[in-house]
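These notes concern the structure reproduced below.
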Amino acid sequence: MSLVLRVDGDRWRSHLKDVRARHPALVPVVKGNGYGFGLGRLARRSGWLGVDTLAVGTYEEIPAVEQRYDGSLLVLTPWRPWNPAPDNPRVIHTVGRVEDLTALAEHGSSSGRRPRVVLERMTSMRRHGFSAPGLREAAALVLERGGVHVEGVAVHLPLARGSHLSQVERLMTDVVAAGLAAGHGSDRRTIWVSHLTDPELDTLAQRYPDFTFRPRVGTDLWLGDRGALSVRATVLDAHPVERGDVYGYRGRSAPRPGTILVVSGGTAHGIGLEAPTGEATMRARAASIARGGLDAAGLVRSPYTVDGKQRLFAEPPHMQASMLFLPRGTAVPEVGDEVDVRVRLTATLFDRIEIS
């Protein structure tokens with residue numbers, strides 16, 4: 001009795017092939033929970049797509065993919081001195097501080113094996129990366145001391161609405177000014193980008209024909225056709241209750257006649273755990289206030305849909321099961337039936353994944 005991710009295999013694979021065809025320089029991103037599929041499965045699927053580089057989020061994720069994919073492994077989290085020794089020739093390190101680049105260059109000079117690096121230019125996200133002067137300093141360090149093999153510049157853009165073209169063009173000016181484009185055919189002419197649309201990538205390719213833009217794509221690749229994916233939970237039990245009947249771990253009372261429905265899926269799967277959405281519209285804020293009011297009253301909307309409606313939790317989810325309250329008059333599913341669940345796949349752990 002499980003929480004299951006079901007995948008229309010033909011439709012999903014067709015979507016993956018379409019994204020690959022539109023982006024010959026595609027770099028699939030595999031990180032976290034593997035977008036619900038698991039890191040190993042997506043690593044194998046990346047090999048099936050025929051790409052030469054796979055991006056992971058952290059160094060700790062490398063063991064889960066390196067035996068299932070034989071190409072280069074780009075680590076998106078910037079390298080720091082406490083990370084594993086940079087001796088794996090398949091690994092490409094992201095670097096965003098001069099002191100880290102210096103440490104890597106010293107390691108490369110002493111070991112005779114130059115670490116592969118991508119220099120990250122800070123964007124309006126202000127998360128990681130070199131400033132414009134820092135990028136020039138990094139380029140000068142590489143030219144003077146060597147010790148590393150620079151494979152381009154990374155640009156990680158925000159998810160904000162609107163075009164990123166003007167920002168990317170300003171950043172490209174910094175790349176050129178740093179002298180990183182010197183040398184015909186150099187790997188340094190590669191720009192690793194995130195969160196650009198297809199039209200934006202096409203425009204950049206036209207404006208900068210001497211550079212190769214490599215889109216790093218995660219959500220739009222693996223989850224881009226949501227219609228190919230469905231999540232189902234099993235009905236484990238159903239108990240009629242009258243108003244005032246006590247139920248659950250916390251001894252709550254039924255607010256009115258109905259049914260306590262027990263379904264698979266709980267906090268161990270990520271059910272009921274919510275991350276901030278960051279929405280800034282008045283409508284989104286109003287919805288947050290409304291949810292807060294329901295929460296204060298002990299009425300929290302669940303991700304489970306029963307009889308055509310998204311139902312309330314009867315109490316907070318348990319580790320591997322959840323209790324829902326169905327008011328009288330609702331069509332109650334039978335034990336063993338399945339119900340739909342709407343979850344964020346990037347924050348959910350499934351008991352089973354079925355790909356047709």
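Laid out as a table, the results:
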read-out	value
The chain, accessible surface, carbon-and-sulfur percent (1.4 angstrom probe)	50 percent
Per residue accessible area of the stretch 96-175, 1.4 Å probe, in Å²	47 Å²
Amide H contacts of residue 213 (H built 1.01 Å from N, under 5 Å, at least 5 apart or other chain)	191
Euclidean distance of C-alpha centroids, the stretch 127-170 and the stretch 19-40, integer Å	23 Å
Per DSSP, loop chymotrypsin sites (Phe, Trp or Tyr not before Pro) in the stretch 154-254 with at most 15 further Cβ within 10 Å	249
Within the chain, longest stretch clear of exposed trypsin sites (Lys or Arg not before Pro) (DSSP loop, no more than 12 other Cβ within 10 Å)	1-125
Cα gyration tensor, the stretch 55-179 - rounded (a/c under 1.5), prolate or oblate	oblate
Summed residue charge, Cβ within 13 Å of residue 118's Cβ, Lys/Arg positive, Asp/Glu negative	+2
√(5λ) per eigenvalue of the Cα gyration tensor, the chain, largest first, Å	47, 21, 19
Whole-number accessible area per residue in Å² for the stretch 228-271, which is evaluated in the context of all protein chains at 1.4 Å	45 Å²
Long-range HN-HN contacts of residue 92 with modeled amide H, under 5 Å	73, 74, 75
FRET E, pair residue 198, residue 226, Förster distance 22 Å, beta-carbon r, rounded to 0.05	0.75
Antiparallel DSSP beta bridges within the chain, percent to nearest 5	50 percent
For the stretch 191-275, share of DSSP beta bridges that run antiparallel, in % to the nearest 5	65 percent
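The values are calculated or read from the model by the stated rules, or taken from the named source; none is laboratory data. It should be emphasised that the depicted structure is a prediction, and the values quoted were computed from it without experimental measurement. In this analysis, Cβ positions are derived from the backbone assuming ideal geometry, glycine residues included, and neighbour counts consider all displayed protein chains. Ligands, DNA and RNA are stripped out before the accessible areas are found, and what is left, the full protein with its side chains, is counted by its heavy atoms. Shrake-Rupley method; radii C 1.70, N 1.55, O 1.52, S 1.80 Å.
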